[in-house]
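Just so it is clear, none of the values below were taken in a lab; they were calculated from the coordinates. Note that this is a predicted model, so its numbers are computed, not measured. Ideal geometry is used to build each Cβ from the backbone, glycine not excepted, and the neighbour counts take in all protein chains shown.
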Amino acid sequence: MVESKLFQAADLSMEVVILLFGGMAMLILGILLFPVYAGVLPYYENGLFGLLLVIFAFQIVAMGKTPFGDFKRNGPVMFCGITVAAVGIVTCFIPDLLGNVPRMLLTLLFGVGGLFLLLQMVLAKDKARLWRTYGGIFNYLIVACCTVYLVQILIAVLIFKPNLVPGSLVASAALLYGLALVYLACVVQKISRRHPPAGQASDSATGLSLDNAMLLMMGVFMLLLGLLLLPVNLGLIPFSPSAQLGLLMVLFGIQMLAVGSTPIGAFERSWLVILLGFVFGGLGIVSCIIPGILVVALTFMVGVLNIAGGIVTIAKVSLPLLKERKSGGPIPPIRIKIDSALLLMNILTILFGTTMLVSNLIPGLILGAILAANGCVLLYLLYQLETLRKVQRREMPV
């Protein structure tokens, strides 16, 4: 029997996935802004700004693609990406806590970054000048890149001066940017099929594997969420549960798109997994931008996914471990540390999922401590996985 194409390995490159996700985010934003400016729907600007910052951070962490050019995913680049992600997460969760910092940062990333990329494309010898000599699909690449960079600069102006034009034009600009990103993604995908890249950068050169980079982002998310819930439950600062759920769904979607990691386990990055990643991400984007509209549905979904994922992972870790202990064979200490971290992390995940389904089960202060502990365990797990990877690389024959 021929396997369904939906379950076969997806051939979308990571760059194309990032462009499509960004395009989807801007298209959803553009569609939602029409009823928002008509007064039909509420609007949470901090949720939008935080979401955009997290998407920028994802590009930096996943591929080293910054608004100022492409770099290797080394320590400084990863630090910049995680810093941008942290600002985005705090901006989403806590309304107006950072003042104009998110607006200024987005203006810099969109505006100055767009202008820099445009000039780089025009002046660099290995970009537009070289692409013109190839002709064909590369001419479309020049048009697509120019359109994206120019609209990006326009978006920066509208973020910096929000009342400069009527709301309908702001929504139209968001739609135009989304369409430009999708068009660029299609062009890049066609080029990558006709001219496959010679090779991919090794993880050793980038510092963190892509899987572990995603683990780092989730660890930072959980740690910040837990720490912020402490003053929130003391009544010291406001909080947006809608944006929190939305951003969590966006991170679920990003992990599925990037490495096929779902809340219930890791799978091959098939078309089905990518489709679900876009669905999760789309729901999260709506929840970040429009407060309250999906809180009930996403609360139930996140709760069920966390409980199911925690149970499945505990079973996957415990059963092989028990068999190895019965066989009497030695278990490496680092394996014990990794498995222990996985078990503790998923116990905390199940506890978090249960609190999502059963309100007031745990006091808010304790829940914040649990989430912060979950973030710390994730970061500890990341450290142990990186230690194991370095040991394995040293032991590989030259």
Most exposed to least, judged by fewest other Cβ atoms within 10 Å, Val101, Val358, Val232, Val377 sort to Val358, Val101, Val232, Val377
Protection proxy (average C-beta count within 10 Å per residue), highest first, orders 338-344, 311-317, 173-179 as 173-179, 338-344, 311-317
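Please get the size of the charge dipole for the range 298-392, origin at its Cα centre, with Cβ charges of +1 on Lys and Arg and -1 on Asp and Glu, quoted in debye to the nearest 20.
On the way: 8 positive and 3 negative charges, 74 e Å.
With Lys and Arg at +1 and Asp and Glu at -1, about 360 debye.
Please give the length that would be gained between Leu322 and Asn139 if that part of the chain were fully extended, namely 0.36 nm times their separation in residues minus their C-alpha to C-alpha distance (nm, one decimal).
Contour length minus the Cα-Cα distance gives 60.0 nm.
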Restricting to lysines and to Cα separations under 29 Å from Lys161, and discarding same-chain partners fewer than 8 apart, the set is Lys65
CD proxy, 222 nm, the chain: helix-only mean residue ellipticity via -39,500 (n - 2.57) per DSSP H run with n ≥ 4, per residue, nearest 500, stands at -25500 deg cm²/dmol
Most fluctuating of Lys326, Lys127, Lys65 in the GNM of the chain (C-alpha, under 10 Å) is Lys326
Long-range amide H partners of Thr262, meaning residues 5 or more apart or on another chain whose placed amide H is closer than 5 Å, are Phe267
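Would you mind counting up the charge near Asp126? Only other residues with Cβ under 15 Å from its Cβ, with Lys and Arg at +1 and Asp and Glu at -1.
Computed value for this residue: +3.
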Between the alpha carbon centres of the range 82-114 and the range 227-252 the gap in Å comes to 16
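Evaluate the charge dipole of the range 13-196 about its Cα centre and quote only its size in Debye, nearest 20, assuming +1 on the Cβ of each Lys and Arg and -1 on the Cβ of each Asp and Glu.
680
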Scaled by the rule-of-thumb 2.2 N^0.38 Å, the alpha carbon Rg for the range 203-348 gives a ratio of 1.20
With no solvent term and unit scatterers on the alpha-carbon positions of the range 298-392, Debye gives log₁₀ I(q)/I(0) at q = 0.14, 0.15, 0.17 Å⁻¹ of -0.60, -0.67, -0.81
Any DSSP H helix in the chain with Cα axial reach of 30 Å or more and mean Kyte-Doolittle score of at least 1.6? Listed by number, the hits are 14-37, 137-160, 210-233
Calculating semi-axes √(5λ) of the Cα gyration tensor in Å from this structure picks out, from (1) 35, 29, 19; (2) 53, 20, 18; (3) 32, 25, 18, entry (1)
Computed curve, the range 13-196, Cα-only Debye sum without solvent term, log₁₀ I(q)/I(0) at 0.08, 0.09, 0.10 Å⁻¹, is -0.26, -0.33, -0.41
Per the charge dipole of the chain (beta-carbon charges, Lys/Arg positive, Asp/Glu negative, Cα centre), the residue among Ala128, Ile334, Tyr43 reaching farthest to the positive end is Ala128
When the chain is treated as a Gaussian network with springs between alpha carbons less than 10 Å apart, the largest mean-square fluctuation among Ser359, Ser261, Ser240 is found at Ser359
For Ser359, placing the label point 7 angstrom along Cα-to-beta-carbon and taking the range 286-306, residues whose amide nitrogen sits under 20 Å are 287-288, 291-306
Given backbone amide H placed at 1.01 Å from N, residues whose amide H is under 5 Å from that of Ser270, ignoring those fewer than 5 places away on the same chain, are Ala10
Taking a crude spin-label model, label points 7 Å out from Cα along the C-beta direction, the Val112 to Thr299 distance in nm is 4.2
FRET efficiency (Ser172, Leu41; Cβ distance; R0 22 Å; to 0.05) is 0.80
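Counting Lys +1, Arg +1, Asp -1, Glu -1, what net charge surrounds Ala62 among other residues with beta carbon under 10 Å of its beta carbon? Mind dumping the intermediate values first?
Details: positive: Lys65, Arg73; negative: Glu15.
Charge balance near Ala62 sits at +1.
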With +1 at each Lys and Arg Cβ and -1 at each Asp and Glu Cβ, the charge dipole magnitude of the chain around its Cα centre, to the nearest 20 debye, comes out at 840
Stretched fully, the stretch from Val122 through Glu268 gains (0.36 nm per residue minus C-alpha distance, one decimal, in nm) 48.7 nm
